[in-house]
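Undergrad: Please see the structure below; I have some questions.
The values are calculated or read from the model by the stated rules, or taken from the named source; none is laboratory data. In this text the structure is predicted, and so the values were computed from the model without any measurement. Every residue, glycine as well, gets a Cβ built from its backbone with ideal geometry; the counts of neighbours run over all protein chains shown. In case anyone asks, the SASA skips ligands and DNA or RNA and just uses the protein heavy atoms, side chains included. Shrake-Rupley method; radii C 1.70, N 1.55, O 1.52, S 1.80 Å.
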Amino acid sequence: MKKIISVVGTRPNFIKIAPIIRALKPYSDQFTHLLCHTGQHFDEKMSTVFFDELEMPKPDFFLGINQGSHAVQTAGIMVEFEKVLLREKPDLVIVPGDVNSTMACSLAAAKLSVKIAHVESGLRSFDRDMPEEVNRIITDVISDYLFVTEESGLKNLKNEGVDPAKIFFTGNTMIDSLVYFREKIKRSSTLETLGLEEGKYIIVTFHRPSNVDNDAGLSEIIAFLNNLAGHHKVVFPIHPRTKSNLQKLPSAGALNPNLLLLNPLGYFDFLKLIGNAEVVITDSGGIQEETTFLGVPCVTVRNNTERPSTVDVGTNILAGTNLANVSMIVQEILKGNKKQGRLSELWDGHAAERVVAILSKQIAS
Ligand code: UD1
Ligand code: UDP
């Protein structure tokens with residue numbers, strides 16, 4: 001038997017790992033699987049709800065590390081994860097995505113010569129001011145099995161000189177979750193609860209430090225959304241980083257009642273809202289992919305994206321961070337000028353099965 005430890009820490013990690021855990025089940029005579037939650041995200045609405053909805057097992061290890069600067073968080077996770085590695089002696093660690101937990105746990109594993117599989121490898125924004133870009137590059141450099149979600153990832157890894165034998169184009173496990181839970185998402189009654197009509201509201205999320213960690217920028221975003229709410233229902237489930245920054249802002253005055261500020265939503269309700277939105281305005285990574293899958297227009301308020309396929313073939317428009325420009329793009333979409341998209345290759349709901357089949361062969365050999 002080979003022992004695998006999968007690592008999760010943040011909201012998008014849960015969504016990317018749940019399908020892998022499911023895909024590992026038929027291999028229970030080859031693999032023992034343990035789950036480690038670093039604790040990076042810890043609120044009920046940022047963590048527990050995903051374990052429940054995505055049918056994930058309770059974590060075998062909970063490291064309880066959150067808060068602090070990047071160095072404090074990364075170092076804290078490394079110290080605690082190293083203890084787990086020394087005790088459990090796994091044959092493989094699986095890390096998803098690009099968050100601090102991803103890099104910290106892969107570094108701890110590499111130092112103990114434990115093999116690493118990186119799920120969602122090869123994405124690059126080419127913007128090293130993004131903490132995630134540093135996490136991606138480091139994780140890829142020290143990983144042994146690099147599972148790629150879209151073609152740009154293959155090109156990036158090749159350009160960086162990664163041994164092709166380590167690279168596997170398997171598709172997108174985040175989309176696996178969407179496909180697997182499609183019926184449950186359909187059954188969510190959140191539209192009725194929030195008093196929304198299909199296709200007649202806008203969904204918004206913002207949490208990138210570059211957008212929400214400076215007062216002036218965040219105030220402009222709120223003013224932009226308030227303005228938009230003059231003519232449209234705007235639903236904004238607020239990430240904890242954004243919420244704590246909003247609480248520090250001087251009062252923006254009365255907000256339009258059509259601007260619904262909500263707590264973060266569970267997966268089923270959120271995907272139901274995205275799937276029926278007129279347009280989604282976001283700076284999220286994963287939401288760019290989900291909107292492309294669902295064929296819903298997405299306006300990304302960033303200057304770059306590590307997920308270029310969503311722009312090249314999907315419904316995503318990279319709008320930059322000038323809100324006047326963003327507003328023009330959104331207005332065009334609201335007039336009905338919607339970009340038609342198609343799916344990236346292998347976003348078919350079976351990526352995790354491919355990942356696990358490859359690991360099964362690679363680790364046996
Ligand atoms: C992290 C990831 C980011 C990812 C995002 C997904 C890094 C560097 N960033 O950003 O790539 O897009 O998760 O959502 O890893 N907080 C709470 N409750 C929670 C979670 C966070 O209050 O459940 C607070 C933290 O205490 C902290 C702030 O939100 O003050 C930011 O959390 P952190 O995990 O450091 O970064 P995110 O912005 O969530
Ligand atoms: N999401 C959710 N509830 C919300 C906001 C987002 O379930 O209120 C889901 C979303 O559908 C996607 C994931 O969380 O699957 C994306 O997480 P986030 O935007 O926090 O991180 P990123 O992808 O930018 O790293």
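Undergrad: Considering each residue of segment 334-350, count those that are of a type in the set (D, E, K, R) and in contact with a strand residue (DSSP E or B) (Cβ under 9 Å, 6 or more places away or on another chain), and give that number. If you could, list the steps in order and put the result at the bottom.
TA: Just the residues of segment 334-350 that are of a type in the set (D, E, K, R), to begin with: 335, 338-339, 342, 345, 348.
Next, from what is left, pick out any that are in contact with a strand residue (DSSP E or B) (Cβ under 9 Å, 6 or more places away or on another chain): 338-339, 345.
Final tally of qualifying residues: 3.
Undergrad: Find the helices (runs of 4 or more DSSP H) located wholly in segment 175-263 whose residues include 2 or more that are under 14 Å from ILE281 (Cβ atoms) and either within 15 Å of ligand 1 (Cβ to nearest atom) or touching a Lys or Arg at 6+ places or on another chain (Cβ under 7 Å) (or both), and list them.
TA: On the way: elements: 182-187, 190-194, 209-212, 215-228, 240-248.
Correct list: 209-212.
Undergrad: On the given criteria, is ALA351 in contact (Cβ under 8 Å) with a residue 40 or more places away in the chain, touching a Gly at 6+ places or on another chain (Cβ under 7 Å) and of a type outside the set (Asp, Glu)? Full working, then the answer.
TA: Working: in contact (Cβ under 8 Å) with a residue 40 or more places away in the chain: yes; touching a Gly at 6+ places or on another chain (Cβ under 7 Å): yes; of a type outside the set (Asp, Glu): yes.
Yes; evaluated as a whole, the condition is true for this residue.
Undergrad: If the Cβ limit is 9 Å and pairs must be 6+ apart or interchain, which residue in segment 264-289 that is open to solvent by less than 10 Å² (accessible area, probe 1.4 Å) pairs with which residue that is within 6 Å of ligand 2 (Cβ to nearest atom) and of a type in the set (S, T, N, Q)?
TA: Taking only residues 6 or more apart or on different chains, the pairs are VAL280/THR205; ILE281/THR205; THR282/THR205; ASP283/THR205.
Undergrad: Here is a further query. Within segment 6-65, track down each residue that is within 16 Å of ligand 2 (Cβ to nearest atom) and in contact with a His (Cβ under 6 Å, 6 or more places away or on another chain).
TA: Result: VAL8, THR10, ARG11, SER47.
Undergrad: Here is a check on your reading of the model: is ASP127 assigned to a loop (DSSP other than H, G, I, E, B), under 14 Å from the mean Cα position of the chain (by Cα) and within 14 Å of ligand 1 (Cβ to nearest atom)? Step through it out loud before you land on a result.
TA: Details: assigned to a loop (DSSP other than H, G, I, E, B): yes; under 14 Å from the mean Cα position of the chain (by Cα): no; within 14 Å of ligand 1 (Cβ to nearest atom): yes.
No.
Residues are listed down the side, and each one gets a yes or a no for (1) under 26 Å from GLU332 (Cα atoms); (2) touching a helix residue (DSSP H, G or I) at 6+ places or on another chain (Cβ under 7 Å):
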| residue | (1), (2) |
| --- | --- |
| PRO240 | no, yes |
| LYS243 | no, no |
| GLY275 | yes, yes |
| VAL280 | yes, yes |
| GLN288 | yes, yes |
| VAL301 | yes, yes |
| VAL311 | yes, no |
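Undergrad: Of ALA223, ALA216, which residue is free of Cβ contacts under 8 Å to residues at least 12 places away in the same chain, open to solvent by 10 Å² or more (accessible area, probe 1.4 Å) and under 19 Å from ASN322 (Cβ atoms)? Show your work before the answer.
TA: On the way: ALA223 fails: free of Cβ contacts under 8 Å to residues at least 12 places away in the same chain.
ALA216 is the lone residue from the list that is free of Cβ contacts under 8 Å to residues at least 12 places away in the same chain, open to solvent by 10 Å² or more (accessible area, probe 1.4 Å) and under 19 Å from ASN322 (Cβ atoms).
Undergrad: Just checking, which of ILE77, ILE21, ILE94 is away from ligand 1 (no atom under 16 Å from the Cβ), in contact (Cβ under 8 Å) with a residue 60 or more places away in the chain and among the hydrophobic types (A, V, I, L, M, F, W, C)? Break it down stepwise before answering.
TA: Numbers: ILE77 fails: away from ligand 1 (no atom under 16 Å from the Cβ); ILE21 fails: in contact (Cβ under 8 Å) with a residue 60 or more places away in the chain.
Exactly one residue qualifies, and that residue is ILE94.
Undergrad: Does at least one position in segment 317-333 carry a residue that is polar (S, T, N, Q), in a loop (DSSP other than H, G, I, E, B), touching a strand residue (DSSP E or B) at 6+ places or on another chain (Cβ under 7 Å) and open to solvent by 10 Å² or more (accessible area, probe 1.4 Å)?
TA: Initially, segment 317-333 is screened for residues polar (S, T, N, Q), giving 321-322, 325, 327, 331.
Subsequent filtering for residues that are in a loop (DSSP other than H, G, I, E, B) retains 321-322.
Right, trim to touching a strand residue (DSSP E or B) at 6+ places or on another chain (Cβ under 7 Å) and you get none.
No, every residue in segment 317-333 fails to be polar (S, T, N, Q), in a loop (DSSP other than H, G, I, E, B), touching a strand residue (DSSP E or B) at 6+ places or on another chain (Cβ under 7 Å) and open to solvent by 10 Å² or more (accessible area, probe 1.4 Å).
Undergrad: Can you name every residue in segment 136-170 that is open to solvent by less than 10 Å² (accessible area, probe 1.4 Å), over 16 Å from ILE94 (Cβ atoms) and not aliphatic (A, V, I, L, M)?
TA: If we filter segment 136-170 for residues that are open to solvent by less than 10 Å² (accessible area, probe 1.4 Å), which is where we start, we get 136, 139-140, 143, 146-150, 153, 157, 170.
Add one more test, that the residue is over 16 Å from ILE94 (Cβ atoms), and what stays is 150, 153, 157.
Selection gives GLU150, GLY153.
Undergrad: For segment 304-316, name all the residues that are outside any loop (DSSP other than H, G, I, E, B) and buried (at least 23 other Cβ atoms within 10 Å of the Cβ).
TA: From segment 304-316, those outside any loop (DSSP other than H, G, I, E, B) are 309-312, 316; that's our starting set.
Residues satisfying the conditions are SER309, THR310, ASN316.
Undergrad: Next up: With respect to LYS16, determine if the residue is within 16 Å of ligand 1 (Cβ to nearest atom), within 30 Å of ALA357 (Cβ to Cβ), of a type in the set (Lys, Arg) and under 16 Å from the mean Cα position of the chain (by Cα).
TA: Details: within 16 Å of ligand 1 (Cβ to nearest atom): yes; within 30 Å of ALA357 (Cβ to Cβ): yes; of a type in the set (Lys, Arg): yes; under 16 Å from the mean Cα position of the chain (by Cα): yes.
Yes, satisfied.
Undergrad: Any residue in segment 165-187 that's acidic (Asp, Glu): show its pairings with residues that are modelled with pLDDT under 95 at Cβ separation under 8 Å, as long as the two are six or more apart or on different chains.
TA: none
Undergrad: Here is a list: LEU112, LEU92. Which entry is of a type in the set (A, V, I, L, M) and open to solvent by 10 Å² or more (accessible area, probe 1.4 Å)? Break it down stepwise before answering.
TA: Numbers: LEU92 fails: open to solvent by 10 Å² or more (accessible area, probe 1.4 Å).
So the residue among LEU112, LEU92 that is of a type in the set (A, V, I, L, M) and open to solvent by 10 Å² or more (accessible area, probe 1.4 Å) is LEU112.
Undergrad: Which residues, taken from segment 25-41, are open to solvent by 10 Å² or more (accessible area, probe 1.4 Å) and aliphatic (A, V, I, L, M)?
TA: LEU34
Undergrad: Here is a further query. Within segment 290-331, can you find the residues that are hydroxyl-bearing (Ser, Thr, Tyr) and in contact (Cβ under 8 Å) with a residue 60 or more places away in the chain?
TA: To start, the set of residues in segment 290-331 that are hydroxyl-bearing (Ser, Thr, Tyr) comprises 291-292, 300, 305, 309-310, 315, 321, 327.
The answer is THR305, SER309, THR321, SER327.
Undergrad: Also, quick follow-up: For segment 115-124, give me each residue that is of a type outside the set (A, V, I, L, M) and either assigned to a loop (DSSP other than H, G, I, E, B) or surrounded by 24 or more Cβ atoms within 10 Å (Cβ to Cβ) (or both).
TA: Pass one, segment 115-124, residues of a type outside the set (A, V, I, L, M): 115, 118, 120-122, 124.
Passing the criteria: HIS118, GLU120, SER121, GLY122, ARG124.
Undergrad: Of the residues LEU225, LEU246, LEU262, only one is in contact with a Pro (Cβ under 6 Å, 6 or more places away or on another chain) and not small (Gly, Ala, Ser); which?
TA: Details: LEU225 fails: in contact with a Pro (Cβ under 6 Å, 6 or more places away or on another chain); LEU246 fails: in contact with a Pro (Cβ under 6 Å, 6 or more places away or on another chain).
Only one candidate passes the filter, namely LEU262.
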